[in-house]
Amino acid sequence: MRRGARNAIASTAVLAILIFAAIGSVSRSRAAEHHAPAPPKTVRLYVFDCGVIKGLDPAYFHLTKDQVQTTELAVPCYLIVDPKGTLMWDVGVIPDNAFKGDGKPVTQGISTATRTLKSQLAQIGYEPSDITYLAMSHYHSDHTANANEFAASTWLVRKVEWDAMFAPKPTGIIDPSTYSKLRNSKTVFIDKDEYDVFGDGKVIIKFAPGHTPGHQVLILKLAHTGTVILAGDLYHFPQERFTDKVPTFDYNKQESLASRAMIEAYIKKTGAQLWIEHDYIANSKLKKSPRYYD
Ligand SMILES: [Zn+2]
C-alpha cells in the first residue's frame, strides 16, 4: 500500500474516532445537563393531547347519534406536578414508538394521534425518568399505550386490576404489550378507598370500580381551579350522567352504577368539577400543555 493511501486511511480513522468521541461527550453532557423543572409551590395539572377515537357507535353507551353532539372521543393524558413529585395519569391510545419521526399522525384502528407523549413532556422540561408515579384509571388499551415508558416510576394500582392485567389470558379491550414492563416496576397495591399520592391531601386516587375491576378516578385539589375529578371512564359522554345505563362492555354494571352514585354524591357535597376524560367537546375547551391548571 502506498504511504499516501495509508496516511489517508489513518487520518480518516483518527477523524472517525474524534467524531465518535465528540458525539459521545455531547450525549453524555446532555444527559448530565437534564434537570427536571424545579417543583412548583402549588399543584399543577397539565393536559396533553394523546389522540382521538373516531366513529365509535354511541350504541355501546345506549345513546343514539342524535343524542350526542359528536361521536368522537378525546384521548387526553395528564401530568400532575406536586411540590413533592410527579404523577402521570393515563398514557394514551397510540404508543410513541409507533410514530415514524416524519411528523405525520399515526392511526391504529379507529384511533389517531398527532403528537407523542414524550415530545409533550419534553416541551415542559420533563423526561419519563423524571416521573415519580404512574397511575391509570384502568387497563383498557386507550389508557395504557405508553405505560412501558414509565416502568421506572412507582406504579399505583389496585391488586384486582393488576390480576386482570397479568392474567394468563387477559380479556376485553386490552393490549398487554403496552404495559408488559410494569410487571417488574416498583408497585404500590392501593388497598383503601382513597389514596393520598403525595401525603399532602391534594392528589387523591379514589376507587370507582365497575368499568373494570380496579377502575379509579383522580381527585385534585387545585389552589385556583378548585377541586377537579379526572373521572377515567366512569362516563364517556355527558349524556350518560343521571341515567341508569352503563356501557355495554363494563366489567360489572352494578358496581359501575354504585361508583357513579358515590361520585355524584361527592360532587354534590364538595362542588367538585367532573372532567369526563373522553368528552370531546369539554376536552376541546381545556387549556392544553404547556399551559396548566393550578
Ligand atoms: Zn377509555
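What follows draws every value from the coordinates through simple rules; no lab data is involved. Everything numeric here is computed off the predicted structure, so don't read it as measured data. Positions of Cβ are backbone-derived with ideal geometry, glycine not excepted, and every protein chain shown enters the neighbour counts.
Would you mind working out the magnitude of the charge dipole of the range 67-143 relative to its Cα centre, with +1 at each Lys and Arg C-beta and -1 at each Asp and Glu C-beta, to the nearest 20 Debye? Write down the numbers at each step before the final one.
Working: 5 positive and 8 negative charges, 27 e Å.
The calculated dipole for the range 67-143 is roughly 140 debye.
Could you tell me the largest-minus-smallest coordinate of the C-alpha atoms of the chain on each of the three principal axes, in descending order and whole angstroms?
88, 41, 40
Across every pair of different alpha-carbon atoms, what Kirkwood hydrodynamic radius in Å does the range 124-208 reach? Write down the numbers at each step before the final one.
Numbers: mean 1/r = 0.0738 Å⁻¹.
Answer for the range 124-208: a Kirkwood hydrodynamic radius of 13.5 Å.
Report the local net charge at PRO39: Lys and Arg +1, Asp and Glu -1, summed over other residues whose C-beta lies under 9 Å from its C-beta.
Values: positive: LYS41, LYS84; negative: ASP82.
Summing Lys and Arg as +1 and Asp and Glu as -1 gives +1.
Can you sort THR144, THR42, THR227 by how many other beta carbons sit within 10 Å, fewest first?
Working: THR144 26, THR42 13, THR227 16.
Least crowded to most crowded, the residues run THR42, THR227, THR144.
Could you list, bin by bin from short to long, the percent of Cα-Cα pairs of the range 68-218 in 5 Å steps?
That works out to 2, 9, 19, 22, 21, 15, 8, 4, 0, 0, in percent per bin.
Taking every DSSP beta bridge with both residues inside the chain, roughly what % is antiparallel (nearest 5)? Can you show the working numbers first?
On the way: 33 of 44 bridges.
Beta bridges within the chain, antiparallel portion: roughly 75 percent.
When the convex hull of the Cα atoms of the range 144-294 is projected onto a plane and the area is averaged over all directions, what value comes out in nm²?
On the way: hull surface 39.4 nm².
Reported value for the Cα convex hull: 9.9 nm².
Between GLU194 and ASN252, take the C-beta separation as r, use R0 = 30 Å, and let me know the FRET efficiency to the nearest 0.05. Kindly include the intermediate steps, with their values, before the conclusion.
Working: r = 20 Å, r/R0 = 0.68.
Rounded to the nearest 0.05, the efficiency is 0.90.
Would you pull out the residues with amide H under 5 Å of THR154's amide H, same chain only if 5 or more places away, H placed 1.01 Å from N?
Long-range HN contacts for THR154: TYR133, LEU134.
At 222 nm, what helix-only mean residue ellipticity would the chain give, in deg cm²/dmol to the nearest 500, using -39500 (n - 2.57) for each DSSP H run of four or more? Working shown, then result.
Values: 5 runs with 68 residues, N = 294.
Helix contribution divided over all residues of the chain: -7500 deg cm²/dmol.
Quick one: if the Förster radius is 41 Å, what FRET efficiency do ALA59 and HIS34 give, using the C-beta to C-beta distance and rounding to 0.05? Display every interim value, and only then the final one.
Values: r = 48 Å, r/R0 = 1.16.
With a Förster radius of 41 Å, E is 0.30.
Run the quick spin-label model on LYS268 and SER129: label points 7 Å from Cα toward the beta carbon, then report their separation in nm to one decimal.
Label at LYS268, label at SER129, 5.0 nm between them.
What angle, in degrees between 0 and 90 and rounded to the nearest 10, separates the Cα long axis of helix 3-33 from the longest principal axis of the Cα atoms of the chain?
For 3-33 against the chain, the angle is about 30 degrees.
How far is helix 253-270 tilted, in degrees, relative to the longest principal axis of the Cα atoms in the chain, given as a value from 0 to 90 rounded to the nearest 10?
Helix 253-270 sits roughly 90 degrees off the main axis of the chain.
Under a point-charge model restricted to the Cβ atoms of Lys and Arg (+1) and Asp and Glu (-1), what is the dipole moment magnitude of the range 40-284 relative to its Cα centre, in debye to the nearest 20? If you can, show how the numbers build up before the last one.
Values: 25 positive and 28 negative charges, 68 e Å.
Magnitude of the dipole: close to 320 debye.
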